[in-house]
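Worksheet for the structure shown next.
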Amino acid sequence: MPKWTDARLDLVPLIGDWAAGKGPLYGRLASAMRSAIESGDLVAGTRLPPERSLAQALEVSRTTVVLAYARLREHGLVESRQGSGTWVPRRAALSRPTLRDERSRSFLVDSVTRAASEESEGTIGFMGACLSGSGVPLDEEWQAARADLAGLACGTGYAPQGWPALRRELAARFEARGVPTTEDEILVTNGAQQAIDLLGRLFTGRGEAVVIEDPTYLGAIDAFTLAGARLLPVPVGSTGADLAALSRSVAQASPALVYLVPSFHNPTGSLMPEGARREVARLAEASGVVVVEDESLADLSFGAEPPPPIAAFAPRGSVFTVGSTSKLFWGGLRVGWVRGPRAAITRLTRLKVTADLSGSLLSQALATRLLARYDEVVHGRRVESRRRLECLETLLRKALPDWSWTRPAGGLTLWVRLPTPSSEELARVAPRHGVAIVPGPVHSPSQGFKDRVRLPYVLDERLLVEGVTRLASAWQACRRPAGKERLGVIV
């Protein structure tokens, strides 16, 4: 065994003014520690302080240190072993940052990791926008799906394009929404995120332009950035993407791909009307640009049904429609899909095989049975999400009367405006008050919307009440005069 150096709390002076800068607090801490490792200030063999001890020394939550250590482990800069602590390995001294390292820093990855960590820490998270599986007949349909198991077990268990029964069910649903579809035009994916990632890998490359709404789904920003694309933002209004700005961007930049969320936009909740969808379809056919429409939230309307997908109006265009079971049924199913031209679906399937060979047929069998109960489930989910939205709005009006928003047409998120451009500061302070939020710039390819936060209304009413109470406390801390709070600690 090597003789490790025990840094203990001597680490603190080595990382200097680590909290300065932008981004989540744990990211700044990890960056400062990385610099200390790469500069040689933290030498190979140095044992780092326990998470709780370092948190106390820096006056931050233990979660901040947990996530900072996790990021360092991800890049091979530290190692951990239960009972032995965390240390700088010998090989870390040889590592140097690369462009790929920088591009691999994903807020989506960080937020998913953070949400899982905070659940055990007692923090209330306004992070993910997925309802729990409660209220969905998961157990009942799982028992029924076991009848499919004997047939599935007769084969290898691999179905690279997806279980045929599920693809047939999805094709029928596209037909019902006015999009003629065969099962060969559908690829089942590991959630909508994998579909977006595969489309980015197939159609974009380093330096190529991707037109994307501003704000938009943070997972799409991550996926296209990791593909090396150059993001061209277009504004989003109450009726979706600004069509004039979209047309200009396509004409001037000849982008490889356009990504839109036309139905109950994430995070704004806006709905693109049929006329605008027809305009996008005409643009796709006339220019030949690839259009990816993310319809993951299309089931969760608070009023009339959304118009047909853009693909319904572009039979000769390269339009790909992405969907998922995560928002309607349960995120744990990890079943998504993409519908598009057959030749392109074949190419996407080949890419998917290199990633995971095949999705889980058991999850797909369960998803197929749940889709057969679509009408029952969608009614209950719409009632549930509307009730939680109304609860959140009532709580915000009482506890945070200077915050404002436009009620969404559907979906699962409220796009809230703060009276000052301080969402990043609020996101930094909030964990000290037992609550976590996503600041507006995270959803913006231009790093705008510093006066916005995205608040999902997916928690039950009890947690919404406590979560808004904690959020109001964090907001009051942000409004205090300078010097009254440092590093997210109330003094």
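If you take the square roots of the eigenvalues of the alpha-carbon gyration tensor of segment 156-277 and sort them as a ≥ b ≥ c, do you get rounded (a/c under 1.5), prolate (a/b over b/c) or oblate? Oblate is the answer for segment 156-277, as a/c is 1.5 or above yet b/c matches or exceeds a/b.
The phi torsions of segment 349-354, fed into the Karplus equation with coefficients 6.51, -1.76 and 1.60 and a -60° offset, translate into couplings of 4, 4, 5, 5, 4, 5 Hz, rounded to whole numbers, with Gly and Pro shown as x.
Site pair VAL43 and THR354 shows an inter-label distance of 4.3 nm when each label is modelled 7 Å from Cα along Cα→Cβ.
Rolling a 1.4 Å probe across the protein heavy atoms gives the chain an accessible surface of 42 Å² per residue. In percent, rounded to a whole number, the relative contact order of the chain is 17, using alpha-carbon pairs under 8 Å and six or more apart. Estimated from helical segments only, the mean residue ellipticity of the chain at 222 nm is -13500 deg cm²/dmol, where each DSSP H run of four or more residues counts as -39500 (n - 2.57).
Would segment 405-465 count as rounded, prolate or oblate if I go by the C-alpha gyration tensor, calling it rounded below 1.5 in a/c and otherwise prolate when a/b exceeds b/c, oblate otherwise? Note, shape of segment 405-465 comes out oblate. The 3J(HN,Hα) values that the Karplus relation (6.51, -1.76, 1.60; θ = phi - 60°) gives for segment 213-220 are, in residue order, 5, 9, x, 7, 5, 5, x, 6 Hz. Gly and Pro appear as x.
Antiparallel as a % of all DSSP beta bridges within the chain, to the nearest 5?
Here the antiparallel bridges make up roughly 55 percent for the chain.
With a ≥ b ≥ c the root eigenvalues of the C-alpha gyration tensor of segment 237-396, is it rounded (a/c under 1.5), prolate (a/b larger than b/c) or oblate? The shape class here is oblate. Restricting attention to the chain, lysine pairs at least eight places apart or on different chains and with alpha-carbon atoms under 27 angstrom apart total 7. Estimated at 0.36 nm per residue, the fully extended path between ARG386 and TYR158 surpasses their Cα-Cα distance by 78.2 nm.
Given a Förster radius of 25 Å and the C-beta distance between GLU466 and ARG62 as r, what FRET efficiency does 1/(1 + (r/R0)^6) yield to the nearest 0.05? Mind dumping the intermediate values first?
Numbers: r = 20 Å, r/R0 = 0.80.
Calculated value: 0.80.
Annotation for SER132 and ARG373: the two label points, set 7 Å from Cα along the Cα-Cβ direction, are 1.8 nm apart. Our estimate of slack between ALA144 and ASP17, defined as 0.36 nm per intervening residue step minus the Cα-Cα distance, is 39.9 nm. Residues of the chain were split at every exposed loop site, defined as chymotrypsin sites (Phe, Trp or Tyr not before Pro) in a DSSP loop with at most 15 other C-beta atoms within 10 angstrom, and the longest piece left, sites excluded, is 159-491. Dividing the Cα radius of gyration of the chain by 2.2 N^0.38 Å, with N the residue count, gives 1.02. Here the Karplus curve 6.51 cos²θ - 1.76 cosθ + 1.60, taken at θ = phi - 60°, turns the phi angles of segment 326-341 into couplings of 5, 7, 7, 9, 6, x, x, 5, 6, 10, x, 6, 9, 10, x, x Hz, with x standing for Gly and Pro. Residues whose amide H lies under 5 Å from that of ARG230, counting only those 5 or more places away or on a different chain, are GLY207, GLU208, ALA209, VAL210; hydrogens are built 1.01 Å from N in the peptide plane.
Loop sites here are trypsin sites (Lys or Arg not before Pro) outside DSSP states H, G, I, E and B with no more than 12 other Cβ atoms within 10 Å. The longest part of the chain free of them is 23-205.
With a 1.4 Å probe and every protein chain kept in, tell me what percent of the accessible surface of the chain is carbon plus sulfur. Summing carbon and sulfur atoms, their accessible area is 52 percent of the total for the chain.
The values are calculated or read from the model by the stated rules, or taken from the named source; none is laboratory data. These numbers were taken from a predicted model, which means no experiment stands behind them. Neighbour counts run over all protein chains shown; Cβ positions are idealised from the backbone, glycine included. Side chains included, ligands, DNA and RNA excluded: accessible areas come from the protein's heavy atoms. Shrake-Rupley method; radii C 1.70, N 1.55, O 1.52, S 1.80 Å.
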